[in-house]
1. Show the residue pairs meeting these rules: Cβ distance below 7 Å; 6+ apart or different chains; first residue within region 126-140 and of a type in the set (K, R); second residue modelled with pLDDT of 70 or more and not in a helix (DSSP H, G or I).
2. For a quick check of your reading of the model, give me the residue pairs whose first member lies in region 66-88 and is on the phi > 0 side of the Ramachandran plot and loosely packed, with under 14 Cβ neighbours inside 10 Å, whose second is modelled with pLDDT of 85 or more and in a helix (DSSP H, G or I), with beta-carbon atoms closer than 9 Å and at least 6 apart or on different chains.
3. So how many residues does region 308-328 have that are within 22 Å of the chain's Cα centre (by Cα) and surrounded by 14 or more Cβ atoms within 10 Å (Cβ to Cβ)?
4. From the residues in region 314-341 that are of a type in the set (A, V, I, L, M) and assigned to a helix (DSSP H, G or I), which one is farthest from C186 (Cα to Cα)?
5. Taking K191 and the conditions (1) surrounded by fewer than 18 Cβ atoms within 10 Å (Cβ to Cβ); (2) in contact (Cβ under 8 Å) with a residue 60 or more places away in the chain; (3) not aromatic (F, W, Y); (4) not in a loop (DSSP other than H, G, I, E, B), which numbered condition does it fall short on, given that it satisfies the others?
6. Looking at (1) farther than 30 Å from D276 by Cα; (2) under 19 Å from the mean Cα position of the chain (by Cα); (3) of a type outside the set (D, E, K, R), can you tell me which one N245 breaks?
7. Residues being in a loop (DSSP other than H, G, I, E, B) and either among the small types (G, A, S) or under 16 Å from I250 (Cα atoms) (or both): count how many of those fall in region 295-313.
8. Which pairs turn up if I take residues in region 255-267 that are farther than 13 Å from Y181 by Cβ and in the same structural domain as D312 (by TED's automatic domain parsing) and look for partners that are acidic (D, E) and surrounded by 15 or more Cβ atoms within 10 Å (Cβ to Cβ) with beta carbon separation below 8 Å, at least 6 apart in sequence or on another chain?
Amino acid sequence: MDESLKINFQKRVIFPPGGQQRFLLKVVKKLNLSWSLFADKVGVHKRTLNDWKREEYSMPLNIVKKISRIAKVEIPEDIKVKEPFWYVYKGAKKGGKLGAIACIKKYGSVGGDPEYRKKKWHEWWECKGKFIDRDIFKRKPIKKPRKDTELAEFIGIMLGDGGIGPNQVQITLNNRDDKEYIKFVCQIIKKLFNRTPSISKYSDCLASKIVVSSMDLIDYLIELGLKRGNKIKQQVDIPSWIKRNKQYRIACVRGLVDTDGCIFTHRYKVNGKPYDYKKLSFKSSSKPMITSVYRILENEGIKPRIARNNVDLRLESIEDMRRYFKIFKSHNPKHLKRYKN
């Protein structure tokens, strides 16, 4: 079952206003971890954690207990624990359909038992489905573009916020901050592979998933050097065909930073006078990836610094930031706006 669905079926913890944010900030401060590393430790997406911090959504009880155990922090006493889909019951009292409640009581979710449906579908497929000669079951070929800067940039996007599953290629982006960039990614997929991706929103966080269901595309991306499954466990790196070409290297790093990088403002005071300037942070728990990006930036006359347990690469000088946006540029309006402002 999808991880976001598993989270939805858990009992929910209802904090008093502001309490959920205070609880999370207290834990992060005690553990002395970055927000991204804390998300990895808890086992959720960093965008989900940010949504919980903003109190956009309630937290599952099992996650609250896990965080409490990891940080050795007491769970506040003024919380309330409610059943999953408690808001459906509340809506029914106000005139909503009681059928939804009956369905949840019987199956645990609206629409029946997903595991049962999956089991019956596999039984049908093994006995009958796979022997039916229909176009719908045949592979739909993709356009296989020649190696160029656009393809190298797409590989960078995939290495950043993308992933390859058993039968789908997925890219997960923030549906609010990356709204315009999502359109760009869909356009580049259409142009490169002649496939129109679908877009779906996660129910438990401010994230959208760009999906292409194509075994031909999966096979082609693996040929190009990407890997199926967990990128961190496999310690992925930039493919060698990209490293050998300067323009491909630049385009690939642009895709990486546009997805997994961030621009932030550093503020400080000298003799009471405030100053501020922009910095860039690119994080990856893959050591080969961090090393490759470091060397590519260094080859272009930029002086990066690796911090925070070798997972956070930073550009910290005004000149390095200027040089990065001059050479590598950005196709993510969010980054351009934060840098120029």
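1. Within 7 Å, the pairs are K140/S214.
2. K72/K30
3. Restricting attention to region 308-328, the residues satisfying the condition of being within 22 Å of the chain's Cα centre (by Cα) are 308-314.
Narrowing the set further to residues that are surrounded by 14 or more Cβ atoms within 10 Å (Cβ to Cβ) leaves 308, 311-314.
Within region 308-328, residues that are within 22 Å of the chain's Cα centre (by Cα) and surrounded by 14 or more Cβ atoms within 10 Å (Cβ to Cβ) number 5.
4. The initial filter retains those residues of region 314-341 that are of a type in the set (A, V, I, L, M), namely 315, 318, 321, 327, 336.
Among the residues that remain, those that are also assigned to a helix (DSSP H, G or I) are: 318, 321, 327, 336.
Working: I318: 33, M321: 28, I327: 24, L336: 19 Å.
The residue in question is I318.
5. Checking K191 against (1) surrounded by fewer than 18 Cβ atoms within 10 Å (Cβ to Cβ); (2) in contact (Cβ under 8 Å) with a residue 60 or more places away in the chain; (3) not aromatic (F, W, Y); (4) not in a loop (DSSP other than H, G, I, E, B), the one that fails is (2).
6. N245 satisfies every listed condition except (2).
7. If we filter region 295-313 for residues that are in a loop (DSSP other than H, G, I, E, B), which is where we start, we get 300-304, 308-311.
Imposing the further condition that a residue be either among the small types (G, A, S) or under 16 Å from I250 (Cα atoms) (or both) reduces the set to 300-304.
Here the count works out to 5.
8. Filtered contacts from region 255-267: H266/E316.
The values are calculated or read from the model by the stated rules, or taken from the named source; none is laboratory data. The structure presented is a predicted model; accordingly, all values stated were derived computationally and were not measured. Neighbour counts are summed over all protein chains in view; Cβ atoms, including those assigned to glycine, are modelled from backbone coordinates with ideal geometry.
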